[in-house]
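Here the structure comes first, spelled out in structure tokens, and everything after it is commentary.
The values are calculated or read from the model by the stated rules, or taken from the named source; none is laboratory data. This is a predicted model, so every value here is computed, not measured. Backbone-built Cβ (ideal geometry, glycine too); neighbour counts: all protein chains shown.
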Amino acid sequence: MPTRSTRLCIYRRRPRATPTSPRSPPARRSVRHCCPHSPSRSGDWGLRSGHSRWALVTLVLASLATPVRACEISDTKFSAAWKAILTCDHPLCSGGVAYSRPADVTPCDIWHDIQARIHTDLRGGGVLILGEIHDNARHHRLRAAVLDSGILPLPQPPAIVFEQFRTDHQPAIDAFMALPKEGRTLDAFFKAVEWDKSGWSKYDYKPLFEAVLAAGLPIYAGDAPRNVIRNAAKEGAASIPPEEQKRLGLDVPQSDLLNDASLTEIEASHCDMMPKSAFGGMAFAQRVRDATLADVTLKARDKHGSAIVIAGNGHGRSDRGVPWYLRQRAPALKVVTVALVEVEAGKTDPEAYVPRDPDGKPAADAVIFTPRAERGDPCEAFRKPLKAPAADPKN
């Protein structure tokens, strides 16, 4: 349990007073007056194709801030869930940074800002990408709280697209969704998608799926089939027919810098045991997965008016992930990406956690700081020398 309550606020930097324009500190305002609860004040939070606006919303520890800048935290169902899930001893826990926000909006706390802006984006027919680290159960609980927070009473419920299901799962999902409401239970859903046979079953997605089913959201399988991914990794672009490459946006090359960044990330995920030059096929397979997620998202959005994507933080990167393919095919589409990142001991600079493109621009619209999941060293198995085969007892 945390030893003290630490809260992060976001605020718009005030202009510095000059000798010719003295002013006294303004009175502290309540959340009611400074938080954007209505879509009319929320503005456009999405990044369009040019990534034209990059105004950082500075974070301040409420416990260290001056009275003028400190926030009065209002308690709502969403903010209470946020704090219960994300609070920890690290000073950044339960806070975040947001980019490309209108300069005239001064929210009091990050959760109200995000809640209002998600609602505005979905009402405007946009796409919301909620990232994750797969084995962090808090990430799944937080996104369940987003779906359960009252932000979804829209004219038409948004579709929800999952990385966790391959497109060849869609017939089984459709059959499940066609069941009477009383038959659409979590156990029935897991059985329909053969959840226990998937590698995802070792992670605790139960709260998230319960929230999706309770909200009655249309479910879409977003990942490419296994054979498509496998062939892409082995054969590269030759595995995808030219007309399909063009339809998915795979015929448009990404820059050398983006390709190199992708290879570097894959190399690191394999504990630097092989040079990144060995991962070209795997990098193309990642592109196929991102392009497929984008393709399904566009179909879901066109049918249901808006869409939410549930996927790993890498897929949500605005520089080379799913948003890149959405921009190729629908340049005017509003896309908002939220990355959930784990805090690290001794690392207290918020900017150090922000994913960035090769030019140094943030590759997410918002970054939320969460406690770390307890896990062992994932590279330990790679470092162990291969054991010699046991001697044949017959010899």
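Assorted remarks:
- Filter pass, residue 290 being surrounded by 23 or more Cβ atoms within 10 Å (Cβ to Cβ), among the acidic types (Asp, Glu) and at pLDDT 95 or above: yes
- Restricting attention to region 327-355, the residues that are in a strand (DSSP E or B) and either over 24 Å from residue 115 (Cα atoms) or more than 14 Å from the chain's Cα centre (by Cα) (or both) total 2.
- Criterion (in contact (Cβ under 8 Å) with a residue 12 or more places away in the chain, closer than 25 Å to residue 245 by Cβ and out of contact with any Lys or Arg (no Cβ under 7 Å at 6 or more places or on another chain)) met by exactly one of 165, 209, 189: 165
- Some residue of region 146-160 being within 13 Å of the chain's Cα centre (by Cα), modelled with pLDDT under 95 and not in a loop (DSSP other than H, G, I, E, B): yes
- Cβ separations smaller than 7 Å between residues 6+ apart or across chains give the following pairs from region 248-262 residues that are in a loop (DSSP other than H, G, I, E, B) to residues that are surrounded by 13 or more Cβ atoms within 10 Å (Cβ to Cβ) and hydroxyl-bearing (Ser, Thr, Tyr): 249/325.
- Every test in (1) modelled with pLDDT of 95 or more; (2) more than 30 Å from residue 218 (Cα to Cα); (3) surrounded by fewer than 17 Cβ atoms within 10 Å (Cβ to Cβ) is passed by residue 303 save one, and that test is (2).
- Comparison of 223, 256, 251 shows that the only residue that is surrounded by 19 or more Cβ atoms within 10 Å (Cβ to Cβ) and of a type in the set (D, E, K, R) is 223.
- Residue within region 289-307 that is assigned to a strand (DSSP E or B), in contact (Cβ under 8 Å) with a residue 60 or more places away in the chain and among the hydrophobic types (A, V, I, L, M, F, W, C) present: yes
- So residue 231, is it at pLDDT 95 or above and loosely packed, with under 14 Cβ neighbours inside 10 Å: no
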